[in-house]
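Novice: Here it is: the structure, laid out below.
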Amino acid sequence: MGFKDEERQEVLEVRGASGEPPTLSEMLKGKSKKEIYSIVSKLLGYEEVPPEIDHFISDPAYLGEVLDGGRAVYEYWKAALRSIYPNPFESPYLEVVATGAIGIGKTTLAKVGSSYDISKMLLLANPHRNYGLISTQKIEYAIVNATMSLARSVIYDELIEWWRISPFFSSHMRKNKSPDTLFPKRINIVSGSRPSHFIGKAIFGAILDEMNFQDKVENQAYENYTNILRRLKSRF
């Protein structure tokens with residue numbers, strides 16, 4: 001996992017005098033949440049501890065500047081995000097469906113969630129190794145809508161604006177040396193409206209926007225959904 005010497009020593013010390021790997025409960029017994037997060041981050045291959053979702057929303061270093069310190073996200077959706085992301089390392093949900101009237105914050109929910117997922121992928125020291133992918137392959141988050149132009153303009157372009165304001169995301173974009181990806185480590189976002197737009201791609205997450213309007217061709221919504229889900233499950 002590429003631990004530094006001091007990090008490796010810390011993990012070895014946790015194992016105890018016998019040298020036997022501890023159980024999870026033994027490893028975490030008596031530790032504070034901060035210490036637990038630090039240990040788990042190292043074991044999972046993160047370069048630094050990912051933020052909790054509330055911190056991600058409110059801290060100016062992440063999306064706080066964009067979201068007015070979190071006040072731009074309705075409390076209902078904040079509660080939903082806490083359920084979706086109970087900690088920085090796992091989620092009990094593979095899929096989240098947001099429905100309701102225009103203007104209640106569904107798109108904001110989607111953009112916050114996608115940004116959070118992408119931020120954690122960026123914090124992995126070697127995401128390709130974590131997921132068993134070839135190092136040259138792009139790791140992509142998909143934005144799907146009824147047409148290519150909608151996929152680009154409704155969420156894709158808005159996310160880019162968010163990330164230019166965010167110090168975390170803008171600093172990663174500036175550090176990127178690859179001309180064909182948005183972020184370092186071959187991490188990218190891709191937009192489309194048909195399954196053919198995602199052939200061969202390693203999709204680790206997606207926003208399928210305006211599903212009830214994805215009817216430009218027969219079975220468009222269904223085909224987009226099943227194709228994206230199949231790619232996500234097969235690679236991640």
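Novice: Residues in segment 209-225 that are open to solvent by less than 50 Å² (accessible area, probe 1.4 Å) and in contact (Cβ under 8 Å) with a residue 24 or more places away in the chain: how many?
Specialist: Qualifying residue count for the region: 4.
Novice: Sticking with this one: Condition test on Ile160, is it over 19 Å from Val49 (Cβ atoms), open to solvent by 60 Å² or more (accessible area, probe 1.4 Å) and not hydroxyl-bearing (Ser, Thr, Tyr)?
Specialist: no
Novice: Which residues, taken from segment 179-208, are among the small types (Gly, Ala, Ser), outside any strand (DSSP E or B) and open to solvent by less than 30 Å² (accessible area, probe 1.4 Å)?
Specialist: Ser193
Novice: Do we have Leu81 as in contact (Cβ under 8 Å) with a residue 40 or more places away in the chain and either open to solvent by 20 Å² or more (accessible area, probe 1.4 Å) or closer than 26 Å to Asp157 by Cβ (or both) here?
Specialist: no
Novice: How many residues does segment 32-60 hold that are assigned to a loop (DSSP other than H, G, I, E, B), open to solvent by 50 Å² or more (accessible area, probe 1.4 Å) and charged (D, E, K, R)?
Specialist: Selection size over segment 32-60: 3.
Novice: Taking the residues in segment 139-171 that are β-branched (Val, Ile, Thr) and not in a loop (DSSP other than H, G, I, E, B) as candidates, determine which candidate is nearest to Leu67 (Cα to Cα).
Specialist: If we take residues in segment 139-171 being β-branched (Val, Ile, Thr) and not in a loop (DSSP other than H, G, I, E, B), then Ile165 is nearest to Leu67 (Cα to Cα).
Novice: Just one of (1) open to solvent by 40 Å² or more (accessible area, probe 1.4 Å); (2) in contact with a Phe, Trp or Tyr (Cβ under 7 Å, 6 or more places away or on another chain); (3) farther than 27 Å from Tyr62 by Cα trips up Phe236, so point out which.
Specialist: For Phe236, the failing item is (3).
Novice: Right, something else. Name the residue, out of Val112, Val97, that is farther than 17 Å from Ile203 by Cβ, out of contact with any Gly (no Cβ under 6 Å at 6 or more places or on another chain), of a type in the set (A, V, I, L, M, F, W, C) and loosely packed, with under 14 Cβ neighbours inside 10 Å.
Specialist: Being farther than 17 Å from Ile203 by Cβ, out of contact with any Gly (no Cβ under 6 Å at 6 or more places or on another chain), of a type in the set (A, V, I, L, M, F, W, C) and loosely packed, with under 14 Cβ neighbours inside 10 Å holds for just one of Val112, Val97, which is Val97.
Novice: Just one of the numbered conditions (1) assigned to a helix (DSSP H, G or I); (2) touching a residue at least 40 places away in the same chain (Cβ under 8 Å) is not true of Ser135; which one?
Specialist: Evaluating Ser135 over (1) assigned to a helix (DSSP H, G or I); (2) touching a residue at least 40 places away in the same chain (Cβ under 8 Å) leaves (1) as the failure.
Novice: As an exercise: evaluate Ala125 against (1) among the aliphatic types (A, V, I, L, M); (2) open to solvent by 20 Å² or more (accessible area, probe 1.4 Å); (3) within 14 Å of the chain's Cα centre (by Cα); (4) farther than 22 Å from Tyr225 by Cα and give the number of the one condition it does not meet.
Specialist: (3)
Novice: With the requirement that a residue be open to solvent by 30 Å² or more (accessible area, probe 1.4 Å), of a type outside the set (Gly, Ala, Ser) and either within 16 Å of Ser115 (Cβ to Cβ) or in contact with a helix residue (DSSP H, G or I) (Cβ under 9 Å, 6 or more places away or on another chain) (or both), what does segment 61-77 give you?
Specialist: Correct list: Glu65, Val66, Asp68, Arg71, Tyr74.
Novice: Does Gly205 satisfy being in contact with a strand residue (DSSP E or B) (Cβ under 9 Å, 6 or more places away or on another chain) and either at pLDDT 85 or above or not small (Gly, Ala, Ser) (or both)?
Specialist: yes
The values are calculated or read from the model by the stated rules, or taken from the named source; none is laboratory data. For clarity, every value in this text was computed on a predicted model and none was experimentally measured. Cβ sites come from the backbone with ideal geometry, for glycine too, and all protein chains shown count toward neighbours. Accessible surface areas use protein heavy atoms only, side chains included; no ligands, DNA or RNA. Shrake-Rupley method; radii C 1.70, N 1.55, O 1.52, S 1.80 Å.
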